[in-house]
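Below: one structure, written as structure tokens.
The values are calculated or read from the model by the stated rules, or taken from the named source; none is laboratory data. Values in this document were obtained by computation on a predicted structure and should not be read as measured data. With ideal geometry, Cβ positions are generated from the backbone for all residues, glycine too; neighbour counts draw on all protein chains shown.
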Amino acid sequence: MTSAVDNIDEILSTIRGADHRVTTAKRTVVEVLVGANEHMTAEAITVAVQRRRPEVSPSTVYRILEEFEELGIVVHAHLSQAAAVYHLAGAIHGHLTCDICKVTFEIPSSHFDALSKDLLTTFGFQLDRHHVALTGTCQKCREALSATTHNT
């Protein structure tokens, strides 16, 4: 099993391998992302970074996130109407966000295979699977709505 330290070292190696400097701010952003158990907005990442390193400005965090995205270290997605969220690159997946409870589920990108193929064939459009986010109503909320409808 890969440890968080191994992940941090691998990411820092990727940065160095691209001939970029590893600064304290970049190391801290990496530590925050590796330690995150969910996707985070740039604002949430900034808050977490500033808890550890108060001198790191929000603009620095945004620039680092842009650099990390260019290097393929992170990807961002737009979920529902909320701000973009960032997570470490890895297995490509899509997102389903419930309009009612706002819970977001990750789903394997294979669920978008048929849609991706159809978009390419019909419109010549190549789907970016890192950014697939669909909104709707989750099962729990649908059941709660159904129960409310039946009880009135």
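If we keep just the residues of segment 1-28 that are among the aliphatic types (A, V, I, L, M) and part of a loop (DSSP other than H, G, I, E, B), which is modelled with the highest pLDDT? Give the steps one after another, and end with the answer.
From segment 1-28, those among the aliphatic types (A, V, I, L, M) are 1, 4-5, 8, 11-12, 15, 18, 22, 25; that's our starting set.
Imposing the further condition that a residue be part of a loop (DSSP other than H, G, I, E, B) reduces the set to 1, 18, 22.
On the way: Met1: 45, Ala18: 91, Val22: 96.
The selected residue is Val22.
Just checking: which of the helices (runs of 4 or more DSSP H) contained wholly in segment 35-146 hold 1 or more residues that are in contact (Cβ under 8 Å) with a residue 40 or more places away in the chain and surrounded by 15 or more Cβ atoms within 10 Å (Cβ to Cβ)?
Numbers: elements: 42-52, 58-70, 113-123.
Correct list: 42-52, 58-70.
In segment 23-38, how many residues are among the basic types (Lys, Arg) and closer than 20 Å to Ala84 by Cβ? Walk me through it before giving the result.
So the first thing to find is which residues in segment 23-38 are among the basic types (Lys, Arg), and the list is 26-27.
From the residues that got through so far, the ones that are closer than 20 Å to Ala84 by Cβ too are 26.
The qualifying residues number 1.
What is the residue count in segment 109-139 for residues that are modelled with pLDDT of 80 or more and in contact with a strand residue (DSSP E or B) (Cβ under 8 Å, 6 or more places away or on another chain)?
Residues in segment 109-139 being modelled with pLDDT of 80 or more and in contact with a strand residue (DSSP E or B) (Cβ under 8 Å, 6 or more places away or on another chain): 7 in total.
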